[in-house]
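What follows is a set of notes on a single structure, which appears directly below.
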Amino acid sequence: MTPSVVAFGGGTGLPVVLRGLRDAVAGLTAVVTVADDGGSSGRLRQELGVAPPGDVRRCLVALAGRRHLAEVFDYRFEDGVDLRDHSVGNIIIAALAEMEGGFCEGVERAARFLRVKGCVLPAANESLTLVVRYADGSVTRGESTVREVGRAVAAVSAEPAGAPAPDAAIAAVEEADLVVLAPGSLFTSTIAALLGAGVQEALRRFRGRVVYVANLMTQPGETDGFTLSDHVRAIAQHVGPVITDVLVDAQARPERLLRRYRDEGGRPVDVDREAVRALGVRLHEAPLYVEAPGHELRHDPERLARALLALAPPPRA
């Protein structure tokens with residue numbers, strides 16, 4: 001038997017984890033941030049009052065069995081006015097949420113359309129607004145403000161306070177063999193996906209491994225100068241010391257790829273091994289990255305899945 005896995009996150013990082021694990025585990029649940037307020041998701045959120053569907057759409061597409069329909073969901077309009085930059089899937093999920101009487105129900109129906117292998121759940125039962133506190137003491141509201149402000153983030157919280165995570169998300173953690181915190185924007189994806197009420201308590205009760213997949217690079221305006229232990233401390237600051245293991249890439253990165261990131265203010269995340277171990281967290285290194293189109297560094301789904309499954313315990317009887 002293969003293990004049951006719950007993965008938290010959003011953006012582009014969580015779908016990579018899902019693509020690698022979808023055919024390798026017995027049960028797979030994605031818990032996805034609903035704090036996005038920019039782009040197509042932000043427009044639908046503002047105009048229709050629906051939870052932002054973009055991060056959820058990416059996860060549905062990653063797990064879809066009907067690949068041709070998944071391509072339609074991922075299609076983005078490039079012309080026009082009202083439809084420009086909208087993804088077809090975002091509009092469909094918003095429509096299904098209205099038809100079914102709730103965002104969770106709309107996502108569930110979209111999953112049936114796509115014949116998703118696994119389960120995709122929003123991180124909360126309603127849209128969340130991130131309250132962002134910066135190292136200089138200033139405060140903004142909204143995920144998109146992080147990119148606009150460009151200052152070092154100190155902490156985030158969610159409004160409305162106490163918005164609950166779906167019962168199914170809590171149940172999935174309780175029944176899981178392994179929990180994964182996906183790579184991605186630390187505060188606005190990984191941590192944002194953990195802010196639904198009940199998640200922190202569920203993770204603290206969880207007796208298996210909670211594996212954080214470390215980012216390859218720092219993110220300008222969000223994690224400037226952060227070491228690996230800084231990432232781990234930031235997560236602990238928000239949900240407690242729940243991380244048991246960290247998975248990092250062990251490969252040397254070509255200078256031609258690093259140059260592109262340096263020009264934009266990014267740097268490889270410094271793996272400060274002793275500081276991580278001092279936090280009581282086990283460190284695991286494996287070759288994880290692949291060069292993506294546009295000379296971007298990305299985690300490779302298959303390599304990542306192999307490394308995660310090596311850390312998974314035997315499934316429960």
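The values are calculated or read from the model by the stated rules, or taken from the named source; none is laboratory data. Keep in mind that this is a model prediction, so the values were computed, not measured. We place every Cβ from the backbone using ideal geometry, glycine too, and count neighbours over all the protein chains shown. Only protein heavy atoms, including side chains, enter the accessible area calculation; ligands, DNA and RNA are left aside. Shrake-Rupley method; radii C 1.70, N 1.55, O 1.52, S 1.80 Å.
Could you sort 167-173, 275-281 so that the peptide with the highest average Cβ count within 10 Å comes first and the rest follow in order?
167-173, 275-281
Restricting the count to DSSP beta bridges whose residues both fall in the stretch 166-312, what percent are antiparallel, rounded to a multiple of 5?
The antiparallel fraction comes to roughly 30 percent.
Might you tell me the accessible area per residue for the chain, computed with a 1.4 Å probe and given in Å²?
43 Å²
Provide the gained length on full extension for the span Leu279 to Thr129, in nm with one decimal, where the gain is 0.36 nm per separating residue minus the Cα-Cα distance.
Using 0.36 nm per residue and subtracting the Cα-Cα distance, I get 51.0 nm.
Quickly estimate the mean residue ellipticity at 222 nm for the chain, helices only: each DSSP H run with n ≥ 4 gives -39500 (n - 2.57), and the total goes over all residues, rounded to 500.
-11000 deg cm²/dmol
Along the charge dipole of the chain, Cβ charges K/R +1 and D/E -1, which of Val132, Val50, Val211 sits furthest on the positive end?
Val211
Would you mind putting 5-17, 153-165 in packing order, based on average other-beta-carbon counts within 10 Å, highest first?
Per-residue mean Cβ counts within 10 Å order the peptides as 5-17, 153-165.
Taking 0.36 nm per intervening residue step and subtracting the Cα-Cα distance, what contour gain separates Ala24 from Arg267 on full extension?
Length gained, Ala24 through Arg267: 84.2 nm.
Given 0.36 nm per residue, what is the gain on full extension from Phe77 to Glu159 after removing their alpha carbon distance, in nm?
So the chain would gain 26.4 nm between Phe77 and Glu159.
If R0 is 41 Å, what FRET efficiency do you get for Ala252 and Ala197 from their C-beta distance, rounded to 0.05?
Result of the calculation: an efficiency of 0.45.
How large is ³J(HN,Hα), in whole Hz, for each residue of the stretch 242-247 in order, when computed from phi with the Karplus curve 6.51 cos²θ - 1.76 cosθ + 1.60 and θ = phi - 60°, using x for Gly and Pro?
8, 6, 9, 9, 10, 10
For a protection proxy built on the mean count of beta-carbon atoms within 10 angstrom, sort 26-34, 303-311 highest first, please.
Final packing ranking: 26-34, 303-311.
Would you mind telling me the antiparallel percentage of the DSSP bridges in the chain, rounded to 5?
About 35 percent, rounded to the nearest 5.
What is the percent carbon and sulfur in the accessible area of the chain, measuring with a 1.4 Å probe over the protein chains and ignoring ligands?
The value for the chain is 50 percent carbon and sulfur by accessible area.
As an exercise, use a Förster radius of 22 Å and the Cβ-Cβ distance of Val290 and Thr227 to find the FRET efficiency, rounded to the nearest 0.05. Intermediate results must be reported in sequence, preceding the final value.
On the way: r = 24 Å, r/R0 = 1.07.
Using R0 = 22 Å, I get an efficiency of 0.40.
I'd like the FRET efficiency for Asp167 and Arg115, computed as 1/(1 + (r/R0)^6) with the beta carbon distance as r and R0 of 35 Å, rounded to 0.05.
0.90
Enter the Cα centre distance for the pair the stretch 132-190 and the stretch 1-30, rounded to the nearest angstrom.
With the stretch 132-190 and the stretch 1-30 each reduced to a Cα centre, they are spaced 19 Å.
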